[in-house]
1. Could you tell me how many of the residues in the stretch 27-45 are modelled with pLDDT under 90 and surrounded by 10 or more Cβ atoms within 10 Å (Cβ to Cβ)?
2. Suppose we keep only residues that are modelled with pLDDT of 60 or more and not in a strand (DSSP E or B) within the stretch 16-26. Which one would you say is surrounded by the most Cβ atoms within 10 Å (Cβ to Cβ)?
Amino acid sequence: MILLQTGPTFADDPAVLRIYRRRDHPGDPIRGVPDHGAFVRDIALADLWPVERTKAMTSWWSGAPEWFEGGKFEFSPDSRLLIVTTRWRNVIQINLETGSLTAR
């Protein structure tokens, strides 16, 4: 599951994307806790946007576009990667199992 932050966003926000995955053994509670997804990683805006764009970001104003506007999200054919393309056409691949990032 991928949660996407909407609304006011700043370069130093710790999470514009939050990634969870299904546990390896659903239905087999660990240490007596409920069977919830496993947290993978928070992805900050600075992890996705070009450095010069996050440095130029000084404030948020009403009516500003969402941080993801003009970009796109797509999954790899095997659904193991989330591929994020920003409005500036930089491309980041996010491994949904580990949370690791790779620039393309």
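The values are calculated or read from the model by the stated rules, or taken from the named source; none is laboratory data. Everything numeric here is computed off the predicted structure, so don't read it as measured data. Cβ: placed from backbone, ideal geometry, glycine included. Neighbour counts: every protein chain shown.
1. Of the stretch 27-45, the ones modelled with pLDDT under 90 are 27-38.
Right, trim to surrounded by 10 or more Cβ atoms within 10 Å (Cβ to Cβ) and you get 29-30, 35-38.
Of the residues in that region, 6 qualify.
2. Of everything passing the filter in the stretch 16-26, Val16 is surrounded by the most Cβ atoms within 10 Å (Cβ to Cβ).
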